[in-house]
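Colleague: I'd like to ask some things about the structure below.
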Amino acid sequence: MRTISILGATGSIGASTLDLVRRNPADWRVAALTANGNVTELARLAIEFSAELAVVADEARLPDLREALAGTGIEASGGAAALVEAAARGADVTVAAIVGCAGLAPTMAAIEQGGVIALANKEALVSAGEVMTAAVERHGATLLPIDSEHNAIFQCLQGNSLDHVRWITLTASGGPFRDWTLDRLTLATPAQAIKHPNWDMGAKISVDSATMFNKGLELIEAHYLFPVGLDKLRIIVHPQSVVHSMVEYRDGSTLAQFGPSDMRVPIASALAWPERMNTPCAPLDLAEIGELTFRKPDEVRFPATRLAREAAEAGGGIPAVLNAANEVAVAAFLGGQIPFTRIAAQVEDVLGAYAPPAPASLSDVLAVDGEARARASMLAGTA
């Protein structure tokens, strides 16, 4: 039996992970579960899985959590520092699924304890790529990606050398607006943006998929996870979301990972690694799917991937600026303060005005993140 902590237990990744734990109860003991503010669901899950600790990020909700867990013997805690302390307790596997830069400090705390970090929080690696990868090496941790694309690449690379890679291709669904004209995009609403055609995700990630920033962030993440050089990383739009990514080798062979649009597949891959585990996912029926199509991304309608590549090329603190500016812009769009097409434009404005030096520590990353957010909030009129 292995211990598992889930940072972001009430989100979609947390729910999928706990579904697999529920189906394999003899294999897992739940150490810690965390949530942002959904105390009712957090308490329910903590009780169901007999968690040792439950943490709510919104400290004002801690009294409610304690009341919900009264008499259970489950420890309750709250606040940003408590999230870090929960991660620092250590577990055999820590699932890092807190959305946005809020997950950076807890993820780093988990890395510093060693063990396996199943990473779903791409923003953490984007903002602190060099700092985080250095910490992984220093503390002997194992970083396993559970984004479907990066997990696919990880699987396609098994048993092969990075020196033999010609291309790594990240596939993108294109999101709900992939066939919209630029004029129509200016009228896109939050309700339309969060309605992803293939995946069931949270609001922020769904908007990122609609703008293609999700794929831009994944490009930067892949740059740190699989250091083959940015010139060997590319993106292709694949509306069916069946091929989750591909690796082409120098002999002309291309390995691709196929699977259903179900996050339990990549999560299971990480939880069971280096073995395999059963999942309840429906088998892939290619005959029923009928056809798989691919096309180049349109960086006129969706400039996010261009901005992300430029940020990765610049390096240093620029990826952290991109990530922070995007988080603020997405929040402003969801709040009705800016139009959809302003998201990428606002990120580009912040990138053009703020070029910090490369961060050398977590505190440096957080300082860059804070300054970028302040500048982005001023532009969005939300400061």
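Colleague: Around residue 316, what is the net charge, scoring Lys/Arg as +1 and Asp/Glu as -1 over all other residues with Cβ under 12 Å from its Cβ?
Modeller: Numbers: positive: none; negative: 130, 313, 364.
Net charge in that neighbourhood comes out at -3.
Colleague: Report, in deg cm²/dmol and to the nearest 500, the calculated mean residue ellipticity at 222 nm for the chain, where each DSSP H run with n ≥ 4 adds -39500 (n - 2.57) and the sum is divided by the residue count.
Modeller: Details: 18 runs with 175 residues, N = 383.
Rounded to the nearest 500, it is -13500 deg cm²/dmol.
Colleague: Using alpha carbon centroids, what distance separates segment 149-201 and segment 10-53, in Å?
Modeller: That distance is 28 Å.
Colleague: Go ahead and set up a Gaussian network model of the chain, Cα springs under 10 Å, then flag whichever of 105, 287, 141 fluctuates most.
Modeller: Largest GNM mean-square fluctuation: 287.
Colleague: In whole percent, and with a 1.4 Å probe on the protein chains, what portion of the accessible area of the chain is carbon and sulfur?
Modeller: Details: 7980 of 15700 Å².
Roughly 51 percent of what the probe reaches on the chain is carbon or sulfur.
Colleague: Which of the peptides 302-308, 274-280, 125-131, 4-10 is most tightly packed, and how do the rest follow, judged by the mean count of other Cβ atoms within 10 Å per residue?
Modeller: Working: 302-308: 23.3, 274-280: 11.1, 125-131: 25.4, 4-10: 28.0.
In descending order of packing, they fall as 4-10, 125-131, 302-308, 274-280.
Colleague: Another question, then. Expressed as a rounded percentage, what relative contact order does the chain have, with Cα pairs under 8 Å and six or more residues apart?
Modeller: On the way: 735 pairs, mean separation 54.2, N = 383.
So the answer I get is 14 percent.
Colleague: Right, here's the next one. Distance between Cα centroids, segment 237-279 to segment 105-129: provide it in whole Å.
Modeller: 21
Colleague: Under a straight-distance cross-link criterion of Cα-Cα below 24 Å, which lysines are reachable from residue 195, leaving out those fewer than 8 residues away in the same chain?
Modeller: 122, 204, 215, 296
Colleague: Percent relative contact order of segment 197-327, based on C-alpha pairs within less than 8 angstrom and at least six residues apart? If you can, show how the numbers build up before the last one.
Modeller: On the way: 118 pairs, mean separation 41.6, N = 131.
This gives 32 percent for segment 197-327.
Colleague: About the Cα centre of segment 27-136, how large is the charge dipole given +1 on each Lys and Arg Cβ and -1 on each Asp and Glu Cβ? Please answer in debye to the nearest 20.
Modeller: Numbers: 6 positive and 14 negative charges, 12 e Å.
Computed charge dipole of segment 27-136: roughly 60 debye.
Colleague: Next up: Would you work out if segment 286-339 is rounded, prolate or oblate? Take a ≥ b ≥ c from the square roots of the eigenvalues of the alpha-carbon gyration tensor; rounded if a/c is under 1.5, else prolate when a/b is larger than b/c, oblate otherwise. Kindly include the intermediate steps, with their values, before the conclusion.
Modeller: On the way: a/c = 2.69, a/b = 1.55, b/c = 1.73.
It is oblate, given that a/c is not under 1.5 and a/b is not larger than b/c.
Colleague: Would you mind calculating the gained length between residue 291 and residue 138 on full extension (0.36 nm times residue separation, minus the Cα-Cα distance), in nm to one decimal?
Modeller: On the way: separation 153, 0.36 × 153 = 55.08 nm, distance 4.55 nm.
Taking residue 291 through residue 138 to full extension adds about 50.5 nm, to one decimal.
Colleague: Here's another thing I want to ask about it. Simple spin-label model, 7 Å along Cα-to-Cβ: residue 258 to residue 1 in nm?
Modeller: Label-label distance for residue 258 and residue 1, simple model: 4.0 nm.
Colleague: If you don't mind, there's one more thing I want to ask. Restricting things to Cα coordinates, could you compute the convex hull volume per residue of the chain in Å³?
Modeller: On the way: hull volume 52.0 nm³, N = 383.
So the per-residue hull volume is 136 Å³.
Colleague: In addition: Explain nothing, just the number: relative contact order of segment 57-208, from Cα pairs under 8 Å at least 6 residues apart, as a whole percent.
Modeller: It rounds to 14 percent for segment 57-208.
Colleague: At residue 67 and residue 306, where each label point lies 7 Å from the Cα along Cα→Cβ, what is the point-to-point distance in nanometres?
Modeller: So the two model labels end up 5.3 nm from each other.
Colleague: Once phi is turned into θ = phi - 60°, what whole-Hz ³J(HN,Hα) does the Karplus curve with 6.51, -1.76 and 1.60 give for every residue of segment 82-94, x standing for Gly and Pro?
Modeller: Whole-Hz 3J(HN,Hα) from phi for segment 82-94: 5, 4, 5, 5, 5, 5, 6, 5, x, 7, 4, 10, 10.
Colleague: Is the C-alpha gyration tensor of segment 84-190 telling us rounded, prolate or oblate? Criteria: a/c under 1.5 is rounded; beyond that, a/b larger than b/c is prolate, otherwise oblate. Intermediate values should be presented prior to the final figure.
Modeller: Values: a/c = 2.73, a/b = 1.45, b/c = 1.88.
Cα axes put segment 84-190 in the oblate bin.
The values are calculated or read from the model by the stated rules, or taken from the named source; none is laboratory data. Remember, predicted model here, so these are calculated numbers, not experimental data. Quick reminder, even Gly has a Cβ in these numbers, built from the backbone with ideal geometry, and neighbours come from all protein chains shown. Side chains included, ligands, DNA and RNA excluded: accessible areas come from the protein's heavy atoms. Shrake-Rupley method; radii C 1.70, N 1.55, O 1.52, S 1.80 Å.
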